[in-house]
1. Need one number: nm distance between label points at Arg171 and Lys214, each 7 Å from Cα along Cα→Cβ, rounded to one decimal.
2. Two decimals, Cα atoms only, Kirkwood Rh: what is Rg/Rh over the stretch 173-243?
3. Let a ≥ b ≥ c be the square roots of the eigenvalues of the Cα gyration tensor of the stretch 77-168; is it rounded (a/c under 1.5), or, if not, prolate (a/b larger than b/c) or oblate?
4. What is the distance in Å between the Cα centres of the stretch 158-202 and the stretch 72-133?
5. Taking a point 7 angstrom from the Cα of Ser258 along the C-beta vector, which residues in the stretch 192-222 have backbone N less than 14 Å away?
6. Work out the P(r) tail for the chain: percent of alpha carbon pairs separated by more than 28 Å, whole number.
7. Out of the GluC sites (Glu not before Pro) in the stretch 72-181, which ones are loop residues according to DSSP with at most 14 other C-beta atoms within 10 Å?
8. Rounded to the nearest Å, what's the spacing between the alpha carbon centres of the stretch 29-50 and the stretch 240-277? Just the number, please.
Amino acid sequence: MPDVPASPLTAIDSHAHVFSRGLNLASERRYAPTYDAPLGDYLGQLQAHGFSHGVLVQPSFLGTDNRYLLSALQTVPGQLRGVVMVDRDVERETLDEMTRLGVRGVRLNLMGQALPDLTSAAWRPFLERIGEQGWHLELHRQVVDIPHLVRALEPYDLDIVIDHFGRPDARLGLGQPGFPDLLTLGGKGRVWVKVSGCYRLGGTPEQNLAFARKALGALEVHYGAERLMWGSDWPHTQHEAAVSFATVLEQFEALGCSAQLRRALLVETARDLFGFK
């Protein structure tokens, strides 16, 4: 477990999923689980590794049926926060109730999908409702498209969270299309990046880790530690056979963070963004 100074919050995992095989799956999906990842198992992982709090993110294969996630939030109120997926015509009352239960963001998982035109009038009511809730918008997309998406959202003055380093390709280095632009977004002050899913970066484990070290250094320079947070990505969907909570903690340790950066990644950033007490 990372060595975090004593705090009411020992450590926060900013990105994890819970689900069951028996749930209704989205009709359009890239993946379907063959196992269960229940809340009890996740809480056990947190406890075993010294984490006190976590953030549950709606998995794409469940679509906009957030009932399992919302039930988890109600089971351990205060210990978890949620990031949901919702339809664009979601009613304000539904969002109000989700906020009451601990939801603090909505995810646009755009992997494998056509790139949406977020500047179109069809998106305006939805994006305005997200802003009214004080939620952030979480983007999951390859890094080449991230800057375009963020700039399209600028008129809404939303907080924006980028998943998994921005999903760059570790084999292409920091100069690959989109990554230098991702770095410049740090100066806008309303963008955060999740340092998570190192094993999803397209290279060998060695390539991924080497890239993650360099990327984290560059992100810290451009965003500041206060805009970066760590997530386990438990239960590591599509990588379950090779990756565990212990594995990703080993990868975290291998990044060689300073004491200030590790505290931001594990406690301070997620505490402030998600409103943990």
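1. In this crude spin-label approximation the distance works out to 1.5 nm.
2. On the Cα set of the stretch 173-243, Rg over Rh gives 0.99.
3. Since a/c reaches 1.5 but b/c is at least a/b, the shape of the stretch 77-168 is classed as oblate.
4. About 21 Å separates the Cα centre of the stretch 158-202 from the one of the stretch 72-133.
5. In the stretch 192-222, the label zone of Ser258 (backbone N under 14 Å from the point 7 Å along Cα→Cβ) covers 217-222.
6. On the way: 11430 of 38226 pairs.
Within the chain, distances greater than 28 Å cover 30 percent of Cα pairs.
7. In loop regions of the stretch 72-181 (DSSP not H, G, I, E or B), the sparsely surrounded GluC sites (Glu not before Pro) are Glu91.
8. 17
Values quoted throughout were computed directly from the atomic coordinates according to the rules given, and no laboratory measurement underlies them. Predicted model only: the values in this text are computed from it and were never measured. As a convention, Cβ positions derive from the backbone with ideal geometry for all residues, glycine included, and neighbour counts pool all protein chains shown.
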